[in-house]
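Colleague: Quick one: the structure is below, and I'll ask about it shortly.
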Amino acid sequence: MNIKQTLSVIYYYFSCYVLGYCPTSGEIENSKMKDLASRLKAGSYEETLTNILEWQERNIEFWAERHPIQTMLIFVSVISGLVSIIGALGFVFLIFGNIQPLLLLVYFIVIWFVSFVSCVATTIAIMIVILHSNRKFPWKEIPGGLKNIFWPSISMNFLLENKLGVCRDYAKLTACLLLNIYPNAEIYFASAPNHVATGINVENRLYMLDQRLPILTIEKWNDYRKPRKFDRIERFDPIKKTLSKANKKTFLQTRNRSELDTGELAKKMMELLNIKEQLDDKAVSLRVPKLWKKGVKQYEDDEIVNYSLARYLKMKISSELIRTNQITRIEIERHKDDLMLLIRFSSE
């Protein structure tokens, strides 16, 4: 094994256990994960990939408490420790005068340690209250809940049972599902500032599965997330247990991108949803104002993207308790960079 391969292996374990978004072999082989993958598997890429994202959107809730807690804990602890030390410094010199440097150092360490422990204890106490009251965790499950809040790599069993996670948890879950359905697929992780998502190479095109429908091409995902120069795309090899940097230029293709035609997009969605336009003077109109935030920037005319968007529309329409066979016409409207949906349907 050369130096490059060795570094890829080291980075794999670092991403699994410290960064928390790369799955281990055990997590991929998890029996619950295999059962879920078998339910989501379909006869085509577009349907299978859409099933994965739709299941996540319907079932996994973003764990708001877990997202900032580690950064917040470090920040509060350091600031509290510094404030305590500065206060202690003035107190020591005021009371003791010419104190020995070694004794002063010990005193500072003790004060900082007490402040740090107090911060940690306070944060844990707050998390216990949140888990028990807001998240409805039974008291006996609190230790496991706390572990998964503070530990970067969440347990897949915990995620599937409690259906809570942040972006790195979604990314790991998605990678596990993809590898169970497509064992020989090329799986990638793409990162943006404070964010990570999973991609799969389908016919030399990288598609991003980023928590919610619809599926995005890597070009549109990259444009929307606006990654900085140091962010990367990584190829995941579960057999060799490596995570290696991929050349972004290989996936970020330069092409002429036409202006989004919302009329044409609406027609495509009606075709995919098998809706035939009908003239009905008695049809009722319903506007869904927040169909796809920043959708103008994220949409690309692509078979997999269009199928996933149609399923997303169907899910939105269903949430309004409207059946697709009631619909006489749909319109997609643009409001700045957002897309809105206007449904005309028969109430009879």
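Colleague: Please turn the phi angles of the range 23-35 into ³J(HN,Hα) values with the Karplus equation 6.51 cos²θ - 1.76 cosθ + 1.60 (θ = phi - 60°), one per residue in order, whole Hz, x for glycine and proline.
Modeller: x, 7, 4, x, 5, 5, 8, 3, 5, 5, 5, 5, 5
Colleague: If each residue's Cβ is checked for other Cβ atoms within 10 Å, how do 330, 126, 60 rank with the fewest at the top?
Modeller: 126, 60, 330
Colleague: Can you list the residues, at least 5 places off or on another chain, whose amide H is less than 5 Å from the amide H of residue 186, using H built in the peptide plane?
Modeller: Result for residue 186 returns 201.
Colleague: Please give the net charge around residue 157, taking every other residue with its beta carbon less than 10 angstrom from that of residue 157, where Lys and Arg add +1 and Asp and Glu add -1.
Modeller: Taking every other residue near residue 157 into account, the sum is -1.
Colleague: With contacts defined as alpha carbon pairs under 8 Å and 6 or more residues apart, what's the relative contact order of the range 262-345 in percent?
Modeller: In percent, rounded to a whole number, it is 48.
Colleague: So what J values fall out for the range 191-203 if you push phi through Karplus, 6.51 cos²θ - 1.76 cosθ + 1.60 with θ = phi - 60°, rounded to Hz, Gly and Pro as x?
Modeller: Computed from phi, the couplings for the range 191-203 are 10, 10, x, 6, 8, 8, 9, 9, x, 10, 8, 10, 6 Hz.
Colleague: Still on this structure, I have one more. Where does each of 281, 302, 337 land when they are ranked from fewest to most other beta-carbon atoms within 10 angstrom?
Modeller: 281, 337, 302
Colleague: Along the range 154-164, what does the Karplus equation 6.51 cos²θ - 1.76 cosθ + 1.60 (θ = phi - 60°) give for ³J(HN,Hα), rounded to whole Hz, x for Gly and Pro?
Modeller: 7, 6, 5, 5, 5, 5, 5, 7, 9, 6, 10
Colleague: Please arrange 223, 169, 35 by how many other C-beta atoms lie within 10 Å of their C-beta, fewest to most.
Modeller: Arranged by neighbour count, lowest to highest, 223, 169, 35 become 35, 223, 169.
Colleague: Would you mind checking 32/140; 172/245; 248/316; 245/294; 220/245 for any pair whose Cα atoms are more than 24 angstrom apart?
Modeller: From 32/140; 172/245; 248/316; 245/294; 220/245, over 24 Å: 248/316; 245/294.
Colleague: What's the extension gain from residue 136 to residue 290 if we count 0.36 nm per residue and subtract their Cα-Cα distance?
Modeller: 52.5 nm
Colleague: Using amide H atoms built 1.01 Å from N in the peptide plane, name the residues 5+ places from residue 294, or on other chains, whose amide H lies under 5 Å from its own.
Modeller: Here the answer is 338, 339, since their amide H atoms fall under 5 Å of that of residue 294.
Quick note: the coordinates plus some simple rules give every number you see, no bench work behind them. In this text, all values refer to a predicted model and were calculated from it rather than measured experimentally. Heads up, the Cβs are rebuilt from the backbone with ideal geometry, glycines too, and the neighbour counts pull from every protein chain shown.
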